[in-house]
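So the structure is just underneath, and the comments pick up after that.
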Amino acid sequence: MRFNKIFEFETIDSTNSYARSIAANATEGTVVTAGIQTGGRGRGDNLWSSDRGGLYLSVILKPGLPLRQTLPLTLVAALAVSDALKGRGLMPRIKWPNDILVEDKKIAGILCEAGSSGPESNYIIIGMGINLENQIPPGLPATSLLEETQEKVDMKEFRTCLLEIFASRYQIFMESGFGDMAEEWVKAAGVSGRAVRERKSGKTLGRFLGLAPDGGVIYRPGGNEAGTLTATSYETELDFLEE
Ligand code: BTN
């Protein structure tokens, strides 16, 4: 994938919203970035605080796959962000499904949105927000690259590096699917063997066994039968508990 077209805004409401508005006529690999977002969005109804100094970026993808098969892309993006931060000396952890934490403080988040401009022309917007040098509003359990490393960050350099990593992971996904990366995600999340609990109901579903090729969670309930939550369960808040 080539990033031939990069829209760079000083200020915009949300790079994901802008990307969505141009997606139908844009080519794959079109990127939208902004210095500040006035209405940065997170998963659910959350806002994404987007002061100057952070990296706010959306990539338009046109994988040409049925929507269901594209669901793991959100996990692929989380791995790419985690890699880019590792390259700066951090030891990030992925929190289900795609928050990136450093010592339990959030440093980055991913918002994937899908749309369609015709039966065969689905598009996916991968939105990534990374706290590089931006001020974190007081009281939030969050951190930034600057806070963690005490080193100035060249935003463009970081962006280029992240896009390269993402492109290479995307290529692997398109050629061989999510299978090989599933293991990496499990490692990066550190959830092997943990108890899977649905946050809303407080119900423990079983023991985590791994990720399915569609990016869903495979777990073992009390007995021997394995249970699966499909990748649509990204909407379900899950906790992975040590027991
Ligand atoms: C989350 O943690 O809930 C996801 C946060 C995603 C934020 C990014 S910043 C760039 C893109 N534009 C948005 O409005 N949101 C995403």
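When the range 1-36 is filtered for residues that are farther than 22 Å from TRP48 by Cα and open to solvent by 60 Å² or more (accessible area, probe 1.4 Å), the ones remaining, listed by number, are MET1, ARG2, ASN4, LYS5, ASN25, THR27, GLU28.
Picking from THR27, THR11, THR33, THR74, which residue would you name as being β-branched (Val, Ile, Thr) and in a loop (DSSP other than H, G, I, E, B)? Step through it out loud before you land on a result.
On the way: THR11 fails: in a loop (DSSP other than H, G, I, E, B); THR33 fails: in a loop (DSSP other than H, G, I, E, B); THR74 fails: in a loop (DSSP other than H, G, I, E, B).
Being β-branched (Val, Ile, Thr) and in a loop (DSSP other than H, G, I, E, B) holds for just one of THR27, THR11, THR33, THR74, which is THR27.
For (1) small (Gly, Ala, Ser); (2) more than 20 Å from ASN16 (Cβ to Cβ); (3) open to solvent by less than 30 Å² (accessible area, probe 1.4 Å), each residue gets a yes or a no:
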| position | (1), (2), (3) |
| --- | --- |
| LEU57 | no, no, yes |
| LEU61 | no, no, yes |
| THR74 | no, no, yes |
| ALA108 | yes, no, yes |
| LEU140 | no, yes, no |
| SER144 | yes, yes, yes |
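Pairs meeting the criteria (first residue in the range 86-102 and over 17 Å from VAL153 (Cβ atoms), second residue open to solvent by 60 Å² or more (accessible area, probe 1.4 Å) and of a type in the set (S, T, N, Q), beta carbons under 7 Å, at least 6 apart or on different chains) are lacking. Filter the range 32-61 down to residues that are more than 10 Å from the ligand (Cβ to nearest atom), touching a Ser or Thr at 6+ places or on another chain (Cβ under 7 Å) and in contact (Cβ under 8 Å) with a residue 40 or more places away in the chain, then give me how many there are. The total comes to 1.
Here is a list: ARG88, ARG68, ARG52, ARG43. Which entry is farther than 21 Å from ALA142 by Cα and charged (D, E, K, R)?
Exactly one of ARG88, ARG68, ARG52, ARG43 is farther than 21 Å from ALA142 by Cα and charged (D, E, K, R), namely ARG68.
The values are calculated or read from the model by the stated rules, or taken from the named source; none is laboratory data. Quick caveat, the model's predicted, so the values are computed rather than measured. Here the Cβ is made from the backbone with ideal geometry for all residues, glycine too, and neighbour counts use every protein chain on show. For accessibility, only protein heavy atoms count, side chains too; no ligands or nucleic acids. Shrake-Rupley method; radii C 1.70, N 1.55, O 1.52, S 1.80 Å.
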